[in-house]
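The structure appears right after this line, and notes come after that.
The values are calculated or read from the model by the stated rules, or taken from the named source; none is laboratory data. Nothing here was measured: the structure is a model prediction, and the numbers come from that model. Every residue, glycine as well, gets a Cβ built from its backbone with ideal geometry; the counts of neighbours run over all protein chains shown.
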Amino acid sequence: MIPPRTRASVTAVAALSLALAACGSRVDHDTVVRSVGGGGQVATGAAGADTTVGADGSADAPSGDAASDDAASGSGAGTSGGGSSGGSASGSAGKTAKSGGGPIVIGSVGTTSGPGGVAFAQGPRALQAWAATVNAQGGINGRKVQVIVMDDGADASKGRSQMQELVEQRKVVAIVASFTTTQTMNAWKSYVEKKKVPVVGGDCSTTAWTASPMLFSECPGTNSALDGLAQVGAKYGKGKKLGALFCTDSEACTHVQERFFGSGKAAERYGLDPVYNAKISVTQPDFTAECIQARNAGVELMLVTGDPNTVSRVASSCSRQNFTPQFLQPGATVDGATASKPGLKNVLAVTPTFPFTGSTAAGFGQFNSAWNKYGGGKAPGPAAAQGWASAKVFEKAARGAGEISRAGLIKELTTFRGQRFDGLTVPLTYVAGKGTTDTKCAFGMRGSGGKWTAMSGGKAFCW
């Protein structure tokens, strides 16, 4: 059990979730739903309030999904769908989809406020941008999409209560892009299994994503992504001698340490030489002592688990000591600005979904266009890519399901075999009664000239 005081830190350092500095205030968050153009009112709400993107232009859009006859809007703010153009994923061949009817209501429970919100907020924002894009094209099978986003504040009991509200009162057909802590997911996982509610995509930081029949991840398993990170370091790093700083604020950091330096032996298995590691805190203001120790150990590659600000502080501390190792980072620990920071301009990173910039994948253009319109002026980062990928997985299932219900979605999802969603994901396979099959693939990114670039044009590498 993680102590309450560390919950916010957990969200910022979850092992392979996608950390991203995102919309910080409720007003900025509501920019997404306001700009959709449906004419609904936008109100600022208290921190932790939920936000509804309606499908019909009203602040309290009624639901008409196949699993329900009613769903209220969020208590914080609401507007309507609408938005930018772009292609849609096609449904499964040979199926007759029912068209028309009221909105398809989906929910998203996650941490969008406080320190944890810095890590996760761009995930549900990307989900809202996707809904605006789809609704502008006429919806899915003739039905608009209504998204209800709830902020659990990294509180497990609150997250469980919100999940129950979405399922039993709002009558959502699915939970999509759930960016939350391991502890909070564990609080509601058995509930969605009992109610048979599909949870499609999210932060992917916990091994539960590959251990539940109701969790349909858009990512490889956590250990696979970490193994991919070791391989990128061994192949593209400027040296083999690996040093690492592991935060004490989260069990996720401990997991990374175990995978690289402990029994997982990922560093050694893929050709790296682990020569130094130490414990740190994400609240630590300076890392001079650790940088000197790493330099004395001959470290050439440095891995830091923590939020993006922690990584920046480590790089700055090391630079002041004229120590400039190349940084090797999980996606959870970087954001859109990381590659421009002092000491991080040649950073290497691995992300579990498509690179958030520079990708040549067929599906990237629609994401880029939608984010430019609905991203609130913020550069996209890993969480935005994961939120969008989650939405595209749901979209394909909904278009092919025939009847868009919980059971129909689950049945359709479990027909997916090696789906890549126009290059936005690793090959995804879901098995009835088991859920997500782990995939030994990931995506690589690197800093170049103070900017992020996508390795191999944004194509996944597999082993």
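Observations
- Residue ID - modelled with the lowest pLDDT, chosen from residues in the range 201-214 that are of a type in the set (A, V, I, L, M) and more than 20 Å from Lys158 (Cα to Cα): Ala211
- Only one of the numbered conditions (1) within 24 Å of Gly101 (Cβ to Cβ); (2) of a type in the set (Asp, Glu); (3) surrounded by 24 or more Cβ atoms within 10 Å (Cβ to Cβ) is violated by Glu165, and that is (3).
- Any hit, the range 313-325, residues being surrounded by fewer than 24 Cβ atoms within 10 Å (Cβ to Cβ) and among the aromatic types (Phe, Trp, Tyr): yes
- Residues in the range 347-383 that are aliphatic (A, V, I, L, M) and modelled with pLDDT of 95 or more were compared, and the one that is farthest from Leu413 (Cα to Cα) is Val347.
- Selection within the range 381-425 - within 20 Å of Gln137 (Cβ to Cβ) and of a type in the set (Ser, Thr, Tyr): Ser390
- Selection of helices (runs of 4 or more DSSP H) fully inside the range 83-173 by the criterion of at least 3 residues being within 25 Å of Cys204 (Cβ to Cβ) and modelled with pLDDT under 95 returns 114-120.
- Filter pass, Pro380 being assigned by TED's automatic domain parsing to the domain that holds Thr133 and crowded, with 23+ Cβ neighbours inside 10 Å: yes
- Some residue of the range 179-189 being crowded, with 22+ Cβ neighbours inside 10 Å, modelled with pLDDT of 95 or more and either under 21 Å from the mean Cα position of the chain (by Cα) or in the same structural domain as Leu428 (by TED's automatic domain parsing) (or both): yes
- Single condition Trp452 does not satisfy, out of (1) surrounded by 23 or more Cβ atoms within 10 Å (Cβ to Cβ); (2) in the same structural domain as Gln137 (by TED's automatic domain parsing); (3) touching a Pro at 6+ places or on another chain (Cβ under 8 Å): (2)
- Some residue of the range 239-260 being surrounded by fewer than 17 Cβ atoms within 10 Å (Cβ to Cβ), in contact with an Asp or Glu (Cβ under 8 Å, 6 or more places away or on another chain) and in the same structural domain as Asn322 (by TED's automatic domain parsing): yes
- Reported count of residues in the range 424-437, each being touching a residue at least 60 places away in the same chain (Cβ under 8 Å) and touching a Phe, Trp or Tyr at 6+ places or on another chain (Cβ under 9 Å), is 8.
To keep it simple, each residue is scored yes or no on (1) among the hydrophobic types (A, V, I, L, M, F, W, C); (2) touching a Pro at 6+ places or on another chain (Cβ under 8 Å).
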position	(1), (2)
Val232	yes, no
Lys235	no, no
Gly243	no, yes
Cys253	yes, no
Glu258	no, no
Gly262	no, no
Asp273	no, no
Tyr276	no, no
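- Residue in the range 392-406 that is under 18 Å from the mean Cα position of the chain (by Cα) and of a type in the set (A, V, I, L, M) present: yes
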